[in-house]
Amino acid sequence: MASDVTNELLLEHLKKMQETLALHTQYHLETKELLGFREQQYASISRRVDRIDERLERVEARLGLVEV
């Protein structure tokens, strides 16, 4: 009888641990997905800034504002 109670308690705890692990896994996957999205946004912004810098350098060179 006591071992039945112990087994039931263990099974309950294991089920709760599985549920918790499933939630953490889901949160982890969502976080990785959001991080990937943010990395893409950063890369896009970085490319835009690089293009703007290149254009600015060309304009400055044409106007003679910098030494070539």
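The values are calculated or read from the model by the stated rules, or taken from the named source; none is laboratory data. All figures in this text were calculated on a predicted structure; none of them were measured in a lab. All Cβ positions, even for glycine, are placed from backbone atoms using ideal geometry, and neighbour counts span all protein chains on display.
Tabulated values for the structure
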quantity	calculated
Residue that is charged (D, E, K, R) and loosely packed, with under 10 Cβ neighbours inside 10 Å, where the choices are Glu67, Glu60, Glu12, Glu8	Glu67
Only one of Val49, Val66 that is at pLDDT below 95 and either not in a helix (DSSP H, G or I) or not charged (D, E, K, R) (or both)	Val66
